[in-house]
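Presented below is the structure to which this report refers.
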Amino acid sequence: MPALPLASAKRHTSKRVYPPKPAQVYLFGTCLADTLFPQSGLDAIELLERQGLEVLFPQGQSCCGQPAYNSGYEDEARVVARHQIKQFPLDIPIVVISGSCGGMLRHHYLDMLKHDNDLEVAAFCERIFEFTEFLTCVLEVKLQDQGAPERVALHTSCAARREMDVHITGKALLEQLGQVELVEHDYISECCGFGGTFAVKHGDISGAMVQDKVKHLLATDAVRYVSADWGCMMNINGALEYQQEAFRGEHIASYLLRRTRGDNA
Amino acid sequence: MNTRANTIATDGSKYEASARQFRGNVARDLANPQLRENFRGAMDYLTDKRRQAFPSEDELETLRRKCQLIKQRCLLKLPELLEQLESKLEQNGIQVHWAETTAEANTIIAELIQRKNGTKVVKGKSMVSEETALNDHLQAQGIECLETDMGEYIVQMAGEHPSHIIMPAIHQNKSQVADLFAHNIPGFDYTTDVDTLIRTGRQALRDKFCHADVGVTGVNFAVAETGTLCLVENEGNGRMVSTVPEMHIAITGIEKVVELLDDVPPLLSLLTRSATGQIISTYFNMITHPRREGEKDGPKEVHLVLLDNGRSQAFADEELRQTLQCIRCGACMNHCPVYTRIGGHAYGTVYPGPIGKIVSPHMLGLEATKDLPTASSLCGACGEVCPVKIPIPKILLRLRKESVKAKGEPLVVKGQGCNRKPLEAGIWKLWSRLNTSPVIYAIAMWLASRGRWLTPAKAGAWTRVRTLPKPARRPLRELVKQREQRREGQ
């Protein structure tokens, strides 16, 4: 039954040739999940392990460098990028649980480190997979929904959509859940207004954007929204909490694990 | 007597001051619900029209790639093509003038008009003439200068500037336009019917075309191979302006030159579809020479003013040069979540939206425009729709880099380094140390999690509309370690 979404997901990400299922993977936890939202990291590990993979989490990893890079401080970002590359020495996939960090690691490292050893950098970037992309296109997971019927919305980050070209894979995973109905909110492809330091440097524009995003999500009859990017979720959930709304976003790793494990929080 | 000329610059430099007001403008326009509604509605309409004009994703991609390559080829040969264009145009009887600055362009145009003893000018739509503030300059010289594009006509009547490069009056709705006409057009029978409003405007303009001494227009493509000036428009006013008066002066930026006549059809096809969703514009004018002997109409003199105004600075850098690929369709602003919310005037620049953010620093210097490159979430919507594939987000990043560059680096962009603050630079240095030494990082994580109760309730702009999350009780790295240890113990 899930053949169709899977097939279309593969077609949409056909810019890339996917490797066969590996025995081991690295997890790039991202600094946001590490500091603020660790449960999603643990849930991602559990989901990957259930697929029979061994998940390695190098303790030396830190931030991908995006905050400095996006602020124009490329030299500072570059040393951080070189440091990350050293933390993942084995030739196995690196799964990233946030789309924008994935975009940074996969695409911007190539630009930023073009004067370094090209082959080493290119090989590293080639090993980067966004979490939903990896589940869909490399593992080709088959999910068994154990949860009660419910409606959810999906927020795909701009990075997943436009940099990683993987906005279709999150959808494909949710569509595998038999009891979950995916509802589409208005302006679904529009940015939530996070943009890292943009949210602080231009707080009023960013604020107007997130207020609209919240309005469109609340206008659906979904019970929650799901996303694979903590940057957006920190922004959207923060605005929801500020407005004293009970509606929240949940990381897709936690959501998939919960649905397929059968516990309904 | 016009005393404005003494207080306000009558060339492009006047935008330096308004660009500096960006933050204030943003606060003002975000707080205007009518304005925000007008922009949202108009942008939804335009993005929808564009979507319908490109039914095939594959065709769109092929055409974008093709047009990107055309513009890149033309830019690669820019100096030669400009020379070829000049000699072809002059062979055809069109006189070419070069202007490095906006003030020079205005002086050239004013002198041409005065040589003809002209006092009445009608204008077709031209963003480059907005760039030079030509209307202000000519009015200061006592020359009447009337905009004839309906949107520009409205904007001029309101004493404003265009808020969009294709739809200059998009910030106004029909009842606002009706109010404006009621105040300014004698005998106007109040209505908000759009067709009647347009008809009223057209009637008021009709007479002006016939009595004007000079017509001024922009140029969409200047073809070097044949010496042809191409003008894309929908209202026929461009044709009137370029054919009825005795003299036609066209003004454009140096990047508008294309090598071959064959380059035009694909570019035109992408331009109109990206801009308004039209398969082709209502009018497409190709101007190759003045009125020839025996011909009954057409201007007796045709001039082209080619303006640099910072473009050669962008041209000198391989990455920034891509800025000049722009064919001014406006799709980037139509799809921009920032533009949709703050509108075109907030930018304070002639060109608003994503393209405005990357082109204005070359025209006005990075110092006056330093808030523009950072006013983007880098969502990538602009780059995704750009018909000539300008990597706008990447160029925004590049300009951010230029604006925090340390002193003493070779000059690339005028005003580079203007946004470098010692405190911010220091913070990023520290951040970089933290993220490259696992021991310090682990200690920082330990401190953040144990000191989570110290998280402030207020954190600047962030908490004006959001709450600030607290660090988790234990960071992911510790939880993973515990998990691994538990497993080993089992």
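The values are calculated or read from the model by the stated rules, or taken from the named source; none is laboratory data. As the structure is a prediction and not an experimental result, all values here were calculated from the model. So basically every Cβ, Gly included, is an ideal-geometry build from the backbone, and we count neighbours across all protein chains shown. Remember, those area values only see protein heavy atoms, side chains included, never the ligands or the DNA or RNA. Shrake-Rupley method; radii C 1.70, N 1.55, O 1.52, S 1.80 Å.
Going from the isolated chain to the complete set of protein chains, the range A:191-240 loses at least 50 Å² of heavy-atom accessible area (1.4 Å probe) at A:F198, A:K201, A:H202, A:D204, A:I205, A:M209. Largest GNM mean-square fluctuation among A:E76, A:E175, A:E126, using chain A with Cα springs under 10 Å: A:E76. Solvent-accessible area per residue in the protein assembly as shown equals 41 Å², computed with a 1.4 angstrom probe and all protein chains kept. On the protein heavy atoms, probe 1.4 angstrom, tell me the percent of accessible surface of the range B:4-80 carried by carbon and sulfur. Accessible surface attributable to carbon and sulfur in the range B:4-80 totals 53 percent.
Which whole-number percent is the relative contact order of the range B:422-489 (Cα, under 8 Å, 6+ apart)?
On the way: 30 pairs, mean separation 16.8, N = 68.
It comes to 25 percent, rounded to a whole number.
Modelled label positions at B:R51 and B:A27, each set 7 Å beyond Cα in the direction of Cβ, lie 3.6 nm from each other.
Judged by the gyration tensor of its Cα atoms, with axes a ≥ b ≥ c, the range B:128-187 is oblate; a/c meets the 1.5 cut and b/c is at least as large as a/b.
Charge dipole of the range B:122-170 (Cα centre as origin; +1 on each Lys and Arg Cβ, -1 on each Asp and Glu Cβ, all else neutral): 80 debye, rounded to the nearest 20. Dividing the mean sequence gap of close Cα pairs (under 8 Å, 6+ apart) by how many residues the range A:3-138 holds gives a relative contact order of 28 percent.
Summed over both chains, the accessible area lost when A and B associate is about 5500 Å², using a 1.4 Å probe. Once the convex hull of all Cα atoms in chain B is built, its volume per residue stands at 199 Å³.
Simple rule: put +1 on each Lys or Arg Cβ and -1 on each Asp or Glu Cβ in chain B, find the dipole, and look at B:Y441, B:G277, B:L267; the Cα lying farthest toward the positive end is B:Y441. Note on B:A457 and A:R248: with the Förster distance fixed at 25 Å, the Cβ-Cβ geometry gives a FRET efficiency of about 0.80.
Assuming R0 = 30 Å, can you tell me the calculated FRET efficiency for the pair A:L110 and B:D317, based on Cβ-Cβ distance, to the nearest 0.05? Working shown, then result.
Numbers: r = 20 Å, r/R0 = 0.66.
Taking R0 as 30 Å, the efficiency between A:L110 and B:D317 is 0.90.
When the Cα positions of B:A204, B:Q482, B:T102 are compared along the charge dipole of chain B, B:Q482 comes out farthest toward the positive end, with charges on each C-beta of Lys, Arg, Asp and Glu. Partnerless cysteines in chain B, where a partner means another cysteine C-beta under 4.7 angstrom, comprise B:C67, B:C74, B:C145, B:C210, B:C230, B:C326, B:C329, B:C336, B:C386, B:C418.
Compute the signed sum of charges (Lys and Arg +1, Asp and Glu -1) over the other residues within less than 12 Å, Cβ to Cβ, of B:R273. Provide the component values of the computation, followed by the final result.
Details: positive: B:K49, B:R50, B:R51, B:R64; negative: B:E59.
Net charge around B:R273: +3.
When the Gaussian network model of chain A links Cα atoms closer than 10 Å, the mean-square fluctuations of A:A33, A:A222, A:A246 top out at A:A246. Here the protein assembly as shown carries DSSP beta bridges of which approximately 15% are antiparallel, counting only pairs with both residues inside. Once the Cα-Cα distance is subtracted from the 0.36 nm per residue extended length, the B:Q278 to B:L423 segment shows a gain of 47.2 nm. For the range B:422-489, a crude dipole built from +1 on the beta carbon of Lys and Arg and -1 on the beta carbon of Asp and Glu, taken about the Cα centre, is about 280 debye to the nearest 20. Cut-off under 13 Å on the C-alpha distance; same-chain residues fewer than 8 positions from B:K14 excluded. Which aspartates and glutamates are left, in chain and number order? Answer for B:K14, where 13 Å is the Cα cut-off: B:E130, B:E131, B:D136, listed by chain and number.
Share of antiparallel DSSP beta bridges in chain B, in percent to the nearest 5? Approximately 25 percent, going by the DSSP bridge assignments. Reducing the range B:19-55 and the range B:184-249 to their Cα centroids gives an inter-centroid distance of 26 Å. Give me the mean projected area, in nm² to one decimal, of the convex hull enclosing the Cα positions of the range A:3-138. Taking the Cα atoms of the range A:3-138, their convex hull projects to 8.5 nm² on average.
Mean separation of Cα pairs under 8 Å and 6+ residues apart, divided by the residue count of the range B:329-486: what relative contact order is that in percent? Once normalised by length, the contact order is 15 percent.
For the protein assembly as shown, what is the mean residue ellipticity at 222 nm derived from helices alone (per DSSP H run of n ≥ 4: -39500 (n - 2.57); sum divided by total residues; nearest 500 deg cm²/dmol)? Can you show the working numbers first?
Values: 37 runs with 363 residues, N = 755.
Value at 222 nm, helices only, nearest 500: -14000 deg cm²/dmol.
Computed from the C-beta positions of A:L218 and B:N173, the FRET efficiency with R₀ = 35 Å rounds to 0.85.
Classify chain A: rounded, prolate or oblate, from the alpha-carbon gyration tensor (a ≥ b ≥ c, eigenvalue square roots; a/c under 1.5 rounded; otherwise prolate if a/b is larger than b/c)?
Numbers: a/c = 1.75, a/b = 1.16, b/c = 1.51.
Verdict is oblate for chain A.
Take each peptide in B:266-274, B:10-18, B:122-130, count the other Cβ atoms within 10 Å of every residue, and average; sorted highest first, the result is B:122-130, B:266-274, B:10-18.
Starting from the Cα gyration tensor of the range B:422-489, take the square roots of the eigenvalues, sort them a ≥ b ≥ c, and report rounded, prolate or oblate (rounded when a/c is under 1.5, otherwise prolate if a/b is larger than b/c, else oblate). Oblate, since a/c reaches 1.5 and b/c is not below a/b.
A dipole drawn for the range A:150-261 from +1 and -1 charges on Cβ atoms has a positive end, and of A:C232, A:V183, A:I205 the residue lying farthest that way is A:C232. Checking the Cα-Cα distances for B:K77/B:K296; B:K123/B:K256; B:K88/B:K116; B:K401/B:K458; A:K114/B:K394 against a 27 Å cut-off, the pairs over it are B:K77/B:K296; B:K401/B:K458. Under a model in which nothing but the beta-carbon of Lys, Arg (+1) and Asp, Glu (-1) is charged, the protein assembly as shown shows a dipole of about 2140 debye around its Cα centre.
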